[in-house]
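The structure appears right after this line, and notes come after that.
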Amino acid sequence: MAGGFELSIERRIDAPVEQVWRVMTERFEQWFCPAPWRAEARTLEWRAGGRSLIVMHGPNGEAMPNEGMILAFEPNRRFVMTDAFTGDWCPAGPFMVGLFEVAADGDATLYRGTARHWTREAMEQHRAMGFEGGWGAAADQLKALAEA
């Protein structure tokens with residue numbers, strides 16, 4: 001990416017793209033948040049311009065709401081989310097744009113999760129918050145569900 005404020009993880013999943021995509025979208029709450037945390041998709045409109053409100057619930061009763069918008073939704077390819085806007089394109093305090101992509105890799109699927117940030121500081125903050133561990137655990141959960 002030009003500008004370079006990007007963090008990314010990849011996994012090779014032994015399942016066809018269509019199967020991985022179904023898990024990504026239809027079983028979103030089961031993979032998106034690393035255990036023991038869990039995701040609750042209160043609103044998740046799978047379309048470009050759709051709203052999202054995902055609440056992350058922690059093991060000690062924490063609740064972290066993440067409101068945003070779906071920027072792109074391309075079945076069997078990718079969805080893109082951001083917290084830079086809330087419903088009806090209202091600007092919000094942006095932290096990142098999340099890209100969740102799949103592509104055929106022989107008879108398997110290459111999954112890539114990418115977080116793009118506006119500033120180096122935001123990127124480094126995300127890294128310090130445990131990006132690799134958290135997004136990696138979510139990717140492993142996706143892989144396990146799709147391969148089951």
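Restricting attention to segment 17-31, report how many residues are of a type outside the set (S, T, N, Q), open to solvent by 40 Å² or more (accessible area, probe 1.4 Å) and under 14 Å from the mean Cα position of the chain (by Cα).
Count: 3.
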>> List the residue pairs whose Cβ atoms are under 7 Å apart, where the first residue sits in segment 81-105 and is touching a residue at least 12 places away in the same chain (Cβ under 8 Å) and closer than 18 Å to His126 by Cβ, the second is of a type in the set (Phe, Trp, Tyr) and outside any loop (DSSP other than H, G, I, E, B), and the two are 6 or more positions apart or on different chains.
In response: Ala92/Phe85; Phe100/Phe79
> How many residues, within segment 21-48, are touching a helix residue (DSSP H, G or I) at 6+ places or on another chain (Cβ under 8 Å), part of a loop (DSSP other than H, G, I, E, B) and over 14 Å from Arg77 (Cβ atoms)?
Replying inline: 5
> If Glu18 satisfies every condition in (1) assigned to a loop (DSSP other than H, G, I, E, B); (2) farther than 16 Å from Val80 by Cα; (3) at pLDDT 95 or above; (4) not hydroxyl-bearing (Ser, Thr, Tyr) but one, which is the exception?
Replying inline: (1)
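The values are calculated or read from the model by the stated rules, or taken from the named source; none is laboratory data. All of these numbers come straight from a predicted model, not from anything done at the bench. Every residue, glycine among them, receives a Cβ derived from its backbone with ideal geometry; neighbour counts consider all protein chains shown. SASA here: full protein model, heavy atoms, side chains in, ligands and nucleic acids out. Shrake-Rupley method; radii C 1.70, N 1.55, O 1.52, S 1.80 Å.
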